[in-house]
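The structure appears right after this line, and notes come after that.
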Amino acid sequence: MTLSRRLICLFVPAALLGAAAPLQAFQLDPGTKLYSVYELTFSDGIVSHSAATLSAKTAFSGYLGGKEHWSLPAGFMAAIDAASPGATLRIDGSAGSQELPSGAVPGFPVAGALAEFTMPAHLSSWMWTPVDAAPPAAFYRSSSATDNVGIAFDLSPPTGTRTHWTGSITWYVLTGSTPSGYPIAAGSDTTFTLRNAPAAARDHAWYSVTLTPTTL
């Protein structure tokens, strides 16, 4: 397969892609309450693998406010790395934002997951970089040339004596202005397909930002 290890996926409503502001809400929406959990399901039509991300609005029960906490099993990452065109990645946040749980957070972390890592839930608008050409093939919401989003995983899990994740996650947004808003909103459920990225339409452009995992 000629695809890179990058994967992309995620929908951005056009209404959220407005004028740039000093600080942009970005990535997985924690919602209006305390947090949201997003279930990630990879499928190649034969087998499926699950993972999850918890996006926290404020700190609680050991989770950091303004952070995404990623819980990925080894099998999920192996499937991502070996994905072929047409495979899908579903990001399900249909449960919506949640109040403070009375005990453990339901569905998080995922059973059998490796060490968790965090990513920021907020990024400054200046961190977005215009992409000169269409991004690499990855999981995209659609073939739209005006309104599209993706996320590219280029991660290496902890192995041997190394207890932390290395590599990066790159997000892509196709829009008519600097990205703003949450690509994935609490309460949404969207499936993305591994495909080539479409070329941007006139007066539109791809933007990207690359983040590295932080050990808890």
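So with the 1.4 Å probe, I'd like the accessible area per residue for the chain, rounded to whole Å². Write down the numbers at each step before the final one.
Details: 9260 Å² over 216 residues.
Per residue, the chain has an accessible area of 43 Å².
To put it simply, the accessible area of the range 131-216 at a 1.4 Å probe is 48 percent carbon and sulfur.
Can you tell me which of 183-189, 134-140 comes out highest on packing, and rank the rest after it, using the mean Cβ neighbours within 10 Å?
Numbers: 183-189: 20.4, 134-140: 22.6.
Result, highest mean first: 134-140, 183-189.
Binning the C-alpha pair distances of the range 85-146 at 10 Å intervals from 0 yields a P(r) profile of 11, 28, 38, 20, 3 %, listed from the shortest bin outward. Relative intensity of the range 108-202 on a log10 scale, I(q)/I(0) at q = 0.12, 0.13, 0.14 Å⁻¹, equals -0.49, -0.57, -0.66, per a Debye sum over C-alpha point scatterers of equal strength in the absence of solvent. Amide H to amide H distances under 5 Å link Thr214 with Thr118, where only residues 5 or more positions off or on other chains count and H is placed in the peptide plane.
Tell me the volume per residue, in Å³, of the convex hull enclosing the alpha carbons of the range 29-83. Please list the in-between numbers first.
Details: hull volume 4.7 nm³, N = 55.
So the per-residue Cα hull volume is 85 Å³.
Across the chain, Cα-Cα pairs farther apart than 23 Å form 42% of the total.
The values are calculated or read from the model by the stated rules, or taken from the named source; none is laboratory data. Computed from a prediction, not measured in an experiment: that's the story for all the values here. Virtual Cβ from ideal backbone geometry, glycine too; neighbours counted across all protein chains shown. Just so you know, the surface numbers come from the protein's heavy atoms only, side chains and all, with ligands and any DNA or RNA stripped out. Shrake-Rupley method; radii C 1.70, N 1.55, O 1.52, S 1.80 Å.
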